Structure formats: structure tokens, C-alpha cells
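Enquirer: This is the structure I have questions about; it appears just below.
Computed from the coordinates by the stated procedures, all read-outs in this text should not be read as laboratory data. Just so it is clear, the structure is predicted and the values come from calculations on it, not from any experiment. Note: ideal-geometry Cβ built from the backbone for every residue, glycine included; neighbour counts use all protein chains shown.
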């Protein structure tokens, strides 16, 4: 069963586990389980996804309980900075303490709207929370440096956080598309857990019916404690 974070007459939010698709897609035809169907069966009623998380990303995922509410929430997501998203990620290396990544992104080749606005503005704020150092050789170094970062996308481009961290030369650990395969495999073997280390921590938006601010939060899973054992001492 999915962990329910919030439930009223119009909306339901769950804590999506990593490795679960939001809904059926031809891009991953071999999958048989999806958050939409699992939640529908769990509640015994239809649900409509309000937004999307990548398969590998865990955390807050919001659904509407009727088509009209889904339309209202969709409009909210489309309006500027109305929706505030906060993520946690573990990245390679030690980024600066904080910064703004202002780097346009091209639509991805399989995007259904690829013919429109091929290059889009994209901005992400980041803040480094903790430094890690793993006893794994990396390149010419005897240890591997990683960091826990907070990410706040100011725009909503596909794979924005993953692509922006790659642009910053600090790819998210476990990112098979935009990261480094040998590094990901080494970390997964060392930690005993293979996943994309990206978690949707918080989603804040006005409720589509009441208008009051709705703040939804999902704590990272227990596996994130693996990293606490390797906090850098220097």
C-alpha cells in the first residue's frame, strides 16, 4: 500500500517509493505496477495525477479525486511561482554553499511537444546541506566526495534537476541517464542499495477549492541514513 500523506474530498497525496512509475507509459513498457493504479485500487475510486515524478524519484506525489479538481490543480502548476517544490539529492563532489543555476534546457527528443519552444528557460536554486566522503577511490583521489543538497526548481522542465546538476558538474548519484555509470555502480555496491538519490521533500500550493496554502511533506526513506555514516570530518 502507498503511504498517504494527505486526503480530503478533492485531493490525495502519497509518498511515492523510488522505482515506481506514476502511470503507464510506452517509454517503460515492461513495468506492471503504477502509482495511479495502486492508489485507485487502494481508495476504491478513480484518481487523476496532478503532476509527475520520475520513476527513480521518491517523495510527495499529488492526485486529484475528480476531473474538475485535476483541471484546477493543473492550472495552478502552470502559473509562475504559485507552486513551491523542494527536493533533497545526493550529488557527486562538493558544490558551492548555495547558488542559482540559470541554464536553458532543450526539450527531450521523446517529448510529445518537442516541436514547440525547442529551448526553454530553466532555473534551479540549490543549497549544500552536508558533505560526505566515501572510502572509495575515484580517479586520482583515494576517497569519493559527495554532498547532500536541497534543490528548488523555479521552472518545471523535464528532468530539470538532474540535467541542471549535470550542468554544474555535480550529477545526482544513481542517475543512469545524466550521471556517471561507473561511479553509480561503485556507490550502489558500497551502500548495498541502487537508486536515484533524489527525493521530493515538500510541495506547497494553494488548495484548488479553499484557496488556503497546502504544505505536503514526505520524509526521505530509511536508506538515506546510509549517508549519515559518511559525513566528512574536514
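Enquirer: For the chain, what does -39500 (n - 2.57) per DSSP helix run (n ≥ 4), summed and divided by total residues, give at 222 nm, in deg cm²/dmol to the nearest 500?
Expert: -5500 deg cm²/dmol
Enquirer: Report, in degrees rounded to the nearest 10, the 0 to 90 angle that the Cα long axis of helix 181-191 makes with the longest principal axis of the chain.
Expert: That works out to roughly 90 degrees.
Enquirer: How far apart, in nanometres, would the label points at residue 67 and residue 94 be if each is projected 7 angstrom from Cα along the Cα-to-Cβ direction?
Expert: Going by the 7 Å Cα→Cβ label model, 5.6 nm.
Enquirer: How much FRET efficiency would the formula 1/(1 + (r/R0)^6) give for residue 219 and residue 8, where r is the Cβ-Cβ distance and R0 is 25 Å, rounded to 0.05?
Expert: Once the sixth-power term is evaluated, E becomes 0.75.
Enquirer: Relative to the longest principal Cα axis of the chain, at what angle does helix 67-78 sit, 0 to 90 degrees, rounded to 10?
Expert: Roughly 40 degrees between the two axes.
Enquirer: Take the alpha-carbon positions of the chain, form their convex hull, and give its projected area averaged over all directions (one quarter of the hull surface) in nm².
Expert: So the mean shadow area of the Cα hull is 13.6 nm².
Enquirer: Please give the direction-averaged projected area of the C-alpha convex hull for the stretch 96-234, in square nanometres with one decimal.
Expert: Averaged projected hull area, Cα only: 10.8 nm².
Enquirer: In a GNM of the chain with a 10 Å cut-off on Cα contacts, which of 174, 221, 56 has the highest mean-square fluctuation?
Expert: Among 174, 221, 56, the largest GNM mean-square fluctuation belongs to 221.
Enquirer: Quickly work out the residue 108-to-residue 229 label distance, labels modelled 7 Å from Cα along the C-beta direction, and quote it in nm with one decimal.
Expert: Inter-label distance under the simple model: 3.2 nm.
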